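Note sheet for the following structure.
The values are calculated or read from the model by the stated rules, or taken from the named source; none is laboratory data. Fair warning: this is a prediction, and the values are worked out from it, not measured in the lab. We place every Cβ from the backbone using ideal geometry, glycine too, and count neighbours over all the protein chains shown. Heads up: the accessible areas ignore ligands, DNA and RNA and are worked out on the full protein's heavy atoms, side chains in. Shrake-Rupley method; radii C 1.70, N 1.55, O 1.52, S 1.80 Å.
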Amino acid sequence: MLNETDQRELLNFSATEPVVSVYLNTDPTAGNADAYRLRLRSLLKDVNLPKDVEVIERYFNHEYNWSGKGVAVFSCAPKEYFRVFSIGVPVRDMLYIGERPSVKPLADLLDTYGGYGVVLIDKQGARVFSFHLGQLREQEGVMGEAIKHTKLGGASSRPGARGGVAGQTHYEDAVVDRNMKEAVDFAVHFFEENHVRRVLIGGTDENIALFRSRLPKSWQSLVMGTFAMPMTASHAEVLAKAMQLGVQAQQEHEERLVERLITAAAKKEGGVVGLEPTLAGIQDGRVQTLLLLEGFRAPAYRCKNCGRLTAERAVNCVACDGEMEGLYDGVEMAVNAVMRGGGDVQVIRNSQALEDAGKIGALLRY
């Protein structure tokens, strides 16, 4: 499973020799192992890097267990570099050859399916889950004090009488409050440990409201949705619901981001659109969030001396007069640069507004 350390390694790896990146859809609904191998051979048939082709095919023929719904492979045979990551969600078949691993498809997957925390809550305890790229990464649980429903006899059982229903209700409320506080503390610690970026809460409306009201404000802002589900649900049921709600919430989030970007760019206040202004923002280290349409590719040029990126054809760099080289996909380099710099990448699946603005843009730090 791809974790933060793996991601950082991929972003930082570069070589003078070509790096082969392969993404292969292994969703059982898309065929069987023979069908996957056939599509893999089709991807590799025109690759003139025999050592890389050999090691990739050998892995799929003899080592890969065909678990998960997708797989990403990165190979640079001259550097003896070979990495494989199983992914729990389907991916698009893709081949890319460059000086770095292709992280643009990963940026899309991480944007949609990365870093989910789910909590199932009732009045006595909580179950917490961490899902990443469609796979269960961790699950734990906590149980608080049992709520005792004691029926008292005689006059004391009258509503409002001393030690009767009113007193019992006060006791139950106190126990629930303690349990909820313990569940919140437990969940927050779990989410921090697992680098959760978005939260979903399951349970009854009452229990969800009680839990959510006790969450710190910083975590309340990460709650993307709630849903009805019993504490006894299986992790597969929780995952399916989390993915369904997560995709819906992500689409709504993307729409708001695009609107914010277009407004900021129009006012020239913290936003730019179009490839050249976006690349300029990346060069200056100003990009906080990069937005691009899914599948967008565009050639660009890079200075061999200082590394400056530009969409404009040039023989020499305007910054240092160094020699410029053409890049097949400048967008891939832009994504890599933003992620290495700690920025966020949002891959937008469908937006006419972003299409009209040049298919790419950035929200700036300053």
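Which residue pairs have Cβ atoms under 6 Å apart, sit 6 or more places apart or on different chains, and have a first residue in segment 93-105 that is within 23 Å of Gln346 (Cβ to Cβ) and in contact (Cβ under 8 Å) with a residue 40 or more places away in the chain and a second that is in a loop (DSSP other than H, G, I, E, B) and open to solvent by less than 30 Å² (accessible area, probe 1.4 Å)?
Tyr96/Ser102
Would you mind telling me which numbered condition in (1) of a type in the set (S, T, N, Q); (2) free of Cβ contacts under 8 Å to residues at least 12 places away in the same chain; (3) closer than 16 Å to Asn65 by Cα Thr26 fails?
Condition (2) is where Thr26 drops out.
Could you check segment 232-274 and list, in sequence order, the residues that are touching a helix residue (DSSP H, G or I) at 6+ places or on another chain (Cβ under 6 Å) and either closer than 30 Å to Asp122 by Cα or open to solvent by 90 Å² or more (accessible area, probe 1.4 Å) (or both)?
Listed by number, the list holds a single entry, Gln250.
Please list, ordered by residue number, the strands (runs of 3 or more DSSP E) wholly in segment 252-366 having 1 or more residues that are in contact with an Asp or Glu (Cβ under 6 Å, 6 or more places away or on another chain) and closer than 23 Å to Phe13 by Cα. Write out each step before concluding.
Numbers: elements: 271-273, 287-293, 300-303, 324-327, 344-348, 360-364.
Of the strands (runs of 3 or more DSSP E) lying wholly inside segment 252-366, those with at least 1 residues that are in contact with an Asp or Glu (Cβ under 6 Å, 6 or more places away or on another chain) and closer than 23 Å to Phe13 by Cα span 287-293, 300-303, 344-348.
Can we say Leu210 is within 30 Å of Gly361 (Cα to Cα), surrounded by 14 or more Cβ atoms within 10 Å (Cβ to Cβ) and in contact (Cβ under 8 Å) with a residue 24 or more places away in the chain?
In short, no.
Pick from Gly114, Gly88, Gly68, Gly125: which is modelled with pLDDT under 95 and over 30 Å from Val184 (Cα atoms)?
That would be Gly68, the only listed residue that is modelled with pLDDT under 95 and over 30 Å from Val184 (Cα atoms).
Filtering segment 344-356 down to residues that are more than 14 Å from Leu109 (Cα to Cα) and surrounded by fewer than 21 Cβ atoms within 10 Å (Cβ to Cβ), which residue is modelled with the lowest pLDDT?
Across segment 344-356, the extreme among qualifying residues is Asn350.
Residue under question is Thr226, and the condition is that it be outside any helix (DSSP H, G or I), within 22 Å of the chain's Cα centre (by Cα) and either at pLDDT below 90 or hydroxyl-bearing (Ser, Thr, Tyr) (or both); does it hold?
For Thr226, the condition - outside any helix (DSSP H, G or I), within 22 Å of the chain's Cα centre (by Cα) and either at pLDDT below 90 or hydroxyl-bearing (Ser, Thr, Tyr) (or both) - is met.
Report, by residue number, each residue of segment 286-298 that is open to solvent by 40 Å² or more (accessible area, probe 1.4 Å), more than 12 Å from Ala334 (Cβ to Cβ) and touching a residue at least 24 places away in the same chain (Cβ under 8 Å).
Within segment 286-298, Arg286, Gln288, Glu294 meet the criteria.
Could you tell me whether segment 21-36 includes any residue that is open to solvent by 40 Å² or more (accessible area, probe 1.4 Å), outside any strand (DSSP E or B) and within 19 Å of Glu80 (Cα to Cα)?
Filtering segment 21-36 for residues open to solvent by 40 Å² or more (accessible area, probe 1.4 Å) gives 28-30, 32, 34.
Applying the additional criterion that residues be outside any strand (DSSP E or B) yields 28-30, 32, 34.
Retained after the next criterion (residues that are within 19 Å of Glu80 (Cα to Cα)): none.
Scanning segment 21-36 turns up no residue that is open to solvent by 40 Å² or more (accessible area, probe 1.4 Å), outside any strand (DSSP E or B) and within 19 Å of Glu80 (Cα to Cα).
If only one of Asn12, Asn65, Asn61 is farther than 24 Å from Tyr328 by Cβ, touching a Lys or Arg at 6+ places or on another chain (Cβ under 8 Å) and surrounded by fewer than 13 Cβ atoms within 10 Å (Cβ to Cβ), which one is it?
On the way: Asn12 fails: farther than 24 Å from Tyr328 by Cβ; Asn65 fails: touching a Lys or Arg at 6+ places or on another chain (Cβ under 8 Å).
Unique residue meeting the criteria: Asn61.
Given the conditions (1) within 20 Å of Arg197 (Cβ to Cβ); (2) free of Cβ contacts under 8 Å to residues at least 12 places away in the same chain, and given that Val258 satisfies all but one, which numbered condition is not satisfied?
The one condition Val258 does not meet is (2).
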